[in-house]
Amino acid sequence: MYFKMETTTLNISEEISPRIEVIINEFGFKDKEEFFQEAIRDKVLELQKKLFFKGSDEIAGRLRKRKISEREILDEFSERKHQ
């Protein structure tokens, strides 16, 4: 599968650059680009999970305010699933 890529320039501090080189060599990344793509992908996934849990926590809070229990939700879900 081919993904269209966007080019971005990234400035890395002189302090961290040698540490990145060690990681690239130690963990078998083919180059900096591969390392950064994976690092960014991992960070995006982590932040998407945070957004999901934030949203689900907000929904849970609203359901608690309406005094709707988790059991009621699961029971209704089960009923609709079998319809």
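Nearest 10 degrees is fine. How inclined is helix 70-81 to the longest principal axis of the chain, computing both from alpha carbons? Once rounded, the angle reads 90 degrees.
Within the shell defined by Cβ-Cβ distances under 14 Å, the residues around residue 61 carry a net charge of +3, with Lys and Arg each +1 and Asp and Glu each -1. Accessible surface area normalised per residue over segment 26-83 is 98 Å², counting heavy atoms of protein chains with a 1.4 Å rolling probe.
The values are calculated or read from the model by the stated rules, or taken from the named source; none is laboratory data. Because the structure is predicted, anything quoted here is derived from the model rather than measured. Counting neighbours? That spans all protein chains shown, and the Cβs are built from the backbone with ideal geometry, glycine included. Ligands, DNA and RNA are stripped out before the accessible areas are found, and what is left, the full protein with its side chains, is counted by its heavy atoms. Shrake-Rupley method; radii C 1.70, N 1.55, O 1.52, S 1.80 Å.
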